[in-house]
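Right, one structure below, let's go through it.
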Amino acid sequence: NAGVTQTPKFQVLKTGQSMTLQCAQDMNHEYMSWYRQDPGMGLRLIHYSVGAGITDQGEVPNGYNVSRSTTEDFPLRLLSAAPSQTSVYFCASTSTRFYEQYFGPGTRLTVT
Amino acid sequence: SQQGEEDPQALSIQEGENATMNCSYKTSINNLQWYRQNSGRGLVHLILIRSNEREKHSGRLRVTLDTSKKSSSLLITASRAADTASYFCAQVRRGNTPLVFGKGTRLSVIA
């Protein structure tokens, strides 16, 4: 199993540009989440999904969209990038109600 | 803030010593988990303790949970240089909502 994969590893955007961060898992996990990690702030939940077709907002959802058309994929869309979205983004998945989450390697995003 | 808090923010010890990190949280929980993050990497799950458990062991790790004080501690015994990392506690609150993470403790183990 590849586990949780994220692409790209690094990305630089200009203010106002849009892009999609990709996340995929091959463990048939129902639950998937997106977090952002900023220095000194820990991890903050952006959006999560409890199954295909079902998504919900986390603590910091503004400026981001998600969809879950398949069990495997959970892309995160930045609608109009802002410097405040400069961060490291982690995707995670779990099979059972957010017990033992498996994390991807992260995407480091810089918005200039 | 919905986050829990780890204490201390940073800890530096010699190899072979024990390391203790504490975590406090705000609301009733279903379970509490500890994760490790090596620099520049994703988080790795270490151990989970349920709300009806008081202590759990896994190798050199010992976790305690005091739900009356809304706190947990992680003890790493006989630390090694490879234990150098950031350690996060995370809670699954009642209703099985997603994990809420604290800000982490940065552990440095000096050889």
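Sequence gap at least 6, Cα distance under 8 Å: using those rules, report the relative contact order of chain B to the nearest whole percent. Spell out each step's value before the answer.
Details: 284 pairs, mean separation 42.7, N = 111.
Once divided by the residue count of chain B, the mean separation gives 38 percent.
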**Request:** Evaluate the charge dipole of chain B about its Cα centre and quote only its size in Debye, nearest 20, assuming +1 on the Cβ of each Lys and Arg and -1 on the Cβ of each Asp and Glu.
**Result:** 360 debye
**Complete:** Rg/Rh over Cα atoms for chain A, Kirkwood Rh, comes to 0.94
**Item:** Volume in Å³ per residue [convex hull over Cα atoms, computed for segment B:43-111]
**Value:** 98 Å³
**Item:** Reachable lysines from B:Lys70, criterion Cα separation under 27 angstrom, eight or more residues apart if same chain
**Value:** B:Lys26, B:Lys56, B:Lys103
**Complete:** Averaged over the residues of B:55-61, the number of partner chain Cβ atoms within 10 Å of each residue's own Cβ comes to 0
**Request:** Shielding by partners for B:100-107, please: the mean number of other protein chain Cβ atoms within 10 Å of each residue's Cβ.
**Result:** 4
**Prompt:** For segment A:56-108, what relative contact order do you get, as a whole percent, if you take Cα pairs closer than 8 Å and at least 6 residues apart?
**Reply:** 24 percent
**Request:** Might you report the magnitude of the Cβ-based charge dipole of the protein assembly as shown about its Cα centre, with Lys and Arg at +1 and Asp and Glu at -1, to the nearest 20 debye?
**Result:** 200 debye
**Prompt:** Which whole-percent values make up P(r) of the protein assembly as shown when all C-alpha to C-alpha distances are grouped in 5 Å steps starting at zero?
**Reply:** 1, 7, 15, 19, 19, 16, 12, 7, 3, 1, 0
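Since every read-out is calculated from the coordinates, none of them should be taken as a lab result. Source: prediction; values computed, not measured. Counting neighbours? That spans all protein chains shown, and the Cβs are built from the backbone with ideal geometry, glycine included.
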